[in-house]
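For reference, the structure discussed in these notes is given below.
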Amino acid sequence: MSLPIKSCFAVKLLHAPLACSIISVAIAAAGPVIAADAHVPTDAACIECHSRSNRLVERLTPTKASRMLVDTTAMERSVHGSACLACHSNGTALAIADHPATTTTNCGRCHAAQEAEWSESIHGLQAQAGNLDAPRCNTCHGAHDIRMHDDLESPVYRRNLPATCATCHESTELQSKYRFSRNRLLTYKNSYHGIAVKFGRAEAADCASCHSAHSIRPSSDPRSSIHPANIPSTCGKCHPGAGEQFARGGVHVLAEKQSSPGMFYVRKFYTWFIGTLMVLFFLYIVIEHTGSARARRKERSREGGRR
Amino acid sequence: MDSPSTQNNVKNASSVLRFPFVWRIQHALMALGVIGLALSGLAYRYYDTGPGRLLMSFEGGFGARGILHRICAALLGAAIVWHFFWVVFTRRGHDDFLALMPEKGDTRRWWEALKTKLRGEPYRADWGRYTLGQKAQYWIIATGSILMALSGLMLLLGDRILGMMPKQALDLIRVIHGGEGVELMIFIVLWHLYSTHLSPGRFPMDNAWLTGRISRERQSREHPREVVP
């Protein structure tokens, strides 16, 4: 997982309060595209440099340009609007806040409860331990194009959530690295929950319904919503009848010989049975029609003979 | 075996009543239910394919598809219950049911009929009211429908029965419901509809399921042991 912007020395220097005025004076002298008061920490000043209206971007390599540019249209559409400083500032001066260690802190300034939940989740614990693969707020919610969770285009909208989670959980590289259980997306998509969510049913369960949105913990953790002891209560949120008995059996089930032999053999039986039936039916149809054609030919030749 | 349908056939001297009115209504109810169940079931099973999506939108979306599936299940359920009471409590239904029982000589007659067809000779076998193929169709569709109804009921009452069984059982029921559904559909389309529409001499359709009547000539050719002298 790569970060959108690296907190390299040059970038830190460019945004440092002291360096800012010196650099901005120098840039202002270079041309009218840079506002004279670019050192003033305002959202408009950020946009002015980081949007395509900054003609200096044309001189950068595509990689550098993509790191520097911000999709301002997406920002305007986002729930936060063009509020750069709300996230990219520590409140007193400009600072690069894209480093993993600071990103969530900045989100947490407004979303404290979610941050607290996340920081105790498996994702949060790993991120705080310095694991750059662990998802942070922007991994799931996006960076500049953050939408409300009920916005159809939000990556955490119910219908989009499975694909968002699958970005990491169905990644072959991460599956091998962290021994993720496989086929989570496939089994979900083929379940009643997955199909119902795909077709927009509001009451059907998505990933977060069972795994929770921010307090995601492994099933081995007794506090996890998917710990075997908690399955009845988790399923019971929607299915009041689900009891301890129901917890016996996996949720993301594939019809495999090892994990679910019953499903495996029943499916095998129907595959073979239906296949054999079809072959026999076609054979029967061929026999009946060729026999009938031969009978008609014989009948005609007998009639011809009589004449 | 003498059939009740061979009695009281004074309406038309050249034809006999093979399927009474009650039988035809039960059959129509069942056909309506099965067609609706198959279409709404296929839309769910193959939701991720072009034809599946087309069926789903044709049925009014996911929610409407579910309602249609349940309404058709109720129709099929009504047909099953009605047929059960018809068989148990009426003389005609009881006799018709007994005529559907496999009997000694069925397999021999079937083998003779097959050999006749293979030799290209006119079809003639001493069947009673029902041929072995027709008996097999009845029993496969009847047992399949009951299995579908029971498994469907368990899926429908999922919330109420979740506490009584492990989730593996629910997964198994889901596989059985889907597999049996496809099997029944293939069976009905490839055999039952074939024998009604495309079997030699039947095209475009054997009207017996609508009128209830077949010609005396056909009865003596296809069901000679049913003919009342």
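Bear in mind that the values in this text are calculations on the coordinates, not laboratory data. Everything quoted here is computed from the prediction, not taken from an experiment. Virtual Cβ from ideal backbone geometry, glycine too; neighbours counted across all protein chains shown.
Descriptive notes on the structure:
- Kyte-Doolittle mean at least 0.0, axial Cα span of 15 Å or more - DSSP H helices of chain B: B:21-45, B:61-89, B:132-156, B:167-187
- Cβ crowding within 10 Å ranks A:Ser212, A:Ser78, A:Ser220 as A:Ser220, A:Ser212, A:Ser78, fewest other Cβ atoms first.
- Amide H contacts under 5 Å for B:Ser15: B:Arg216, restricted to partners 5 or more places along the chain or on a different chain, H placed in the peptide plane at 1.01 Å from N.
- The mean count of C-beta atoms from other chains within 10 Å of the C-beta of residues in A:287-299, rounded to a whole number, is 5.
- Treating each Cα of the protein assembly as shown as an identical point scatterer and summing with the Debye formula, the log10 of I(q)/I(0) at q = 0.06, 0.10, 0.11 Å⁻¹ comes to -0.51, -0.93, -1.04.
- For the protein assembly as shown, size of Cβ-based charge dipole, Lys and Arg +1, Asp and Glu -1, in debye: 2920
- Listing B:Ile161, B:Ile176, B:Ile67 from fewest to most neighbouring C-beta atoms within 10 Å gives B:Ile67, B:Ile161, B:Ile176.
- Ranking of A:Ser292, A:Ser225 by count of other Cβ atoms within 10 Å, fewest first: A:Ser292, A:Ser225
- Couplings 3J(HN,Hα) for the range A:261-266, derived from phi with the Karplus relation 6.51 cos²θ - 1.76 cosθ + 1.60 (θ = phi - 60°), are x, x, 4, 4, 6, 5 Hz, where x marks Gly and Pro.
- The largest-to-smallest principal axis extents of the Cα set in the range A:112-254 are 41, 33, 32 Å.
- The range A:210-307 - convex hull of alpha carbons, volume per residue in Å³: 169
- Extension gain for the segment A:Thr172 to A:Ala44, taken as residue separation times 0.36 nm less the Cα-Cα distance, is 41.9 nm to one decimal.
- Inter-chain Cβ neighbour count for A:226-237, averaged per residue, equals 1 (cutoff 10 Å, partner chain atoms only).
- Rounded to the nearest 20 debye, dipole of chain B from Cβ charges on Lys, Arg, Asp, Glu: 400
- Over all pairs of different C-alpha atoms in the range A:256-307, the reciprocal of the mean inverse distance, the Kirkwood hydrodynamic radius, equals 14.3 Å.
- Considering only A:Thr290, B:Pro51, A:Ala112, and ranking their Cα positions along the charge dipole of the protein assembly as shown that arises from unit charges at the beta-carbon of Lys, Arg, Asp and Glu, the one farthest toward the positive end is A:Thr290.
- Inter-chain Cβ neighbour count for B:112-121, averaged per residue, equals 4 (cutoff 10 Å, partner chain atoms only).
- The alpha carbon centroids of the range A:134-153 and the range B:67-141 are separated by 61 Å.
- Chain B shape via C-alpha gyration tensor axes, a/c threshold 1.5: prolate
- Cross-link reach is defined here as a Cα-Cα straight distance under 12 Å, omitting same-chain residues fewer than 8 places apart; for B:Lys135 the aspartates and glutamates meeting it are B:Asp96, B:Glu103, B:Asp106.
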